[in-house]
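For reference, the structure discussed in these notes is given below.
The values are calculated or read from the model by the stated rules, or taken from the named source; none is laboratory data. Since the structure is predicted, the reported quantities are computational estimates derived from the model, not experimental observations. Every residue, glycine among them, receives a Cβ derived from its backbone with ideal geometry; neighbour counts consider all protein chains shown. We work out accessible area using only protein heavy atoms, side chains counted, and drop any ligands, DNA or RNA first. Shrake-Rupley method; radii C 1.70, N 1.55, O 1.52, S 1.80 Å.
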Amino acid sequence: DTTEQKESVSSKARLDTILDATLDPVLTVTRDGEIRYLNPVGFRLLGLEAPLQAGLKLADFLPEWARYQVQNTAIPTAIEEGQWQGESALLTPSDTEVPVSMTAVFHPTDSSKVEIVSLIARDQSERKRFDDHLLFLADHDLLTSLYTRRRFVEELGREIARA
C-alpha cells in the first residue's frame, strides 16, 4: 500500500517534470471548456500568471472560428472517440492569432459527471511563415520581388481576356 503511494507520487512528479519542460502548451479542460490545468508554456502564451484562476474558460483564448471548432468538434469528438487532431489557433493577450496543430485526448474518470480532455497545441507560426514565403517565391523573383515569367504570362492572359 505504501509502495503504491510512493510510486504514484513518483509517477506524478515525473509527469510534472515532463509537462514543465515541454515546448508545447498543454491544457486540461472539462467538456464545457473550463481550464483545469495549464503548463508553464501555456501560461506564457496566454499571458496568464500562476496559480490558475478558477473558472477560466478556454473559449476566452480562442478566435471565434476556433472557438466553434474546439467546442463543437474537438472536445466532443475526443470524448466520443478518444482523440481528435486538427488545425486551430490560440489568442495571445494582444489578440494575435497563433496557428497551432492541436491534439485533444479524452481521459475517462471514475466520476461520470466530469469529463476531462487534454489539449496539446503545437505552435505552427514558423511553418505558416515558411509556407507563405514559398507561395510568394512561386510567383515572384527572389531578387526583385517582381512576378516570375510564368505569373506574368498568367496575369497578362487575364488582362487580355478582361479587355
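Report the GluC sites (Glu not before Pro) located in segment 1-89 that are in a DSSP loop and have at most 10 other Cβ atoms inside 10 Å of their Cβ, or state none. Let's see the in-between values first.
Working: sites: 4, 7, 34, 49, 64, 80, 81, 87; in loops: 49.
Those that pass, being in a loop and sparsely packed, are 49.
Compute, for the chain, the length of the dipole vector about the Cα centre, with Cβ point charges of +1 (Lys, Arg) and -1 (Asp, Glu) only. Units Debye, rounded to 20. Show your work: numbers first, answer last.
Values: 18 positive and 27 negative charges, 71 e Å.
Dipole about the Cα centre, nearest 20: 340 debye.
Only Cα pairs within less than 10 Å get springs; with that Gaussian network setup on the chain, which residue of 96, 144, 73 has the largest fluctuation?
In this elastic network of the chain, the residue with the biggest mean-square fluctuation among 96, 144, 73 is 144.
Scan around residue 56 for amide H atoms under 5 Å from its own, H built in the peptide plane at 1.01 Å from N, and keep only partners 5 or more places away or cross-chain.
35
Test of understanding: extend the Cα→C-beta vector of residue 145 to 7 Å, then name every residue of segment 119-138 with backbone N under 18 Å from that spot.
129-138
For segment 1-134, take the alpha-carbon Rg, divide it by the Kirkwood Rh, and send me Rg/Rh. Mind showing how you got there, number by number?
On the way: Rg = 15.9 Å, Rh = 15.8 Å.
On the Cα set of segment 1-134, Rg over Rh gives 1.01.
Which of 100, 70, 114 moves the most in a Gaussian network model of the chain with Cα springs under 10 Å?
Maximum fluctuation in the GNM of the chain, among the listed residues, is at 114.
Please compute the per residue accessible area over the chain with all protein chains in place, 1.4 Å probe, rounded to a whole number of Å². Can you show the working numbers first?
Numbers: 10950 Å² over 163 residues.
The answer is 67 Å² per residue.
Amide H of residue 124 versus every other amide H placed in the peptide plane: which residues, excluding those fewer than 5 positions away on the same chain, fall under 5 Å?
100, 101
Given a 1.4 Å probe and every protein chain left where it sits, what share in percent of the accessible area of segment 86-129 is carbon and sulfur? Each step should come with its number before you reach the end.
Values: 1300 of 2500 Å².
On segment 86-129, the fraction of accessible area on carbon and sulfur atoms equals 52 percent.
Kindly provide the helix-only [θ] at 222 nm of the chain, computed as the sum of -39,500 (n - 2.57) over DSSP H runs of four or more divided by all residues, to the nearest 500 deg cm²/dmol?
Working: 6 runs with 69 residues, N = 163.
When only DSSP H runs of four or more count, the value is -13000 deg cm²/dmol.
Return the sequence-ordered ³J(HN,Hα) values of segment 98-106 in whole Hz as given by the Karplus equation 6.51 cos²θ - 1.76 cosθ + 1.60 applied to θ = phi - 60°, using x for Gly and Pro.
10, x, 9, 8, 10, 10, 10, 10, 7
Most mobile of 27, 58, 15 per a Gaussian network model of the chain (Cα springs, under 10 Å)?
15
In square angstrom, rounded to the nearest 10, how much accessible surface does residue 61 have for a 1.4 Å probe?
Accessible area of residue 61: about 20 Å².
Expected output is a single nm value to one decimal: the length gained when fully extending between residue 3 and residue 72, i.e. 0.36 nm times separation in residues minus the C-alpha distance. What is it?
Values: separation 69, 0.36 × 69 = 24.84 nm, distance 4.24 nm.
That works out to 20.6 nm of additional length.
Going through the DSSP H helices of the chain, which span 24 Å or more along their own axis at the Cα atoms while scoring at least -1.0 as a mean Kyte-Doolittle hydropathy? Each step should come with its number before you reach the end.
Numbers: long enough: 2-21 (29 Å, -0.72).
Span-like helices here: 2-21.
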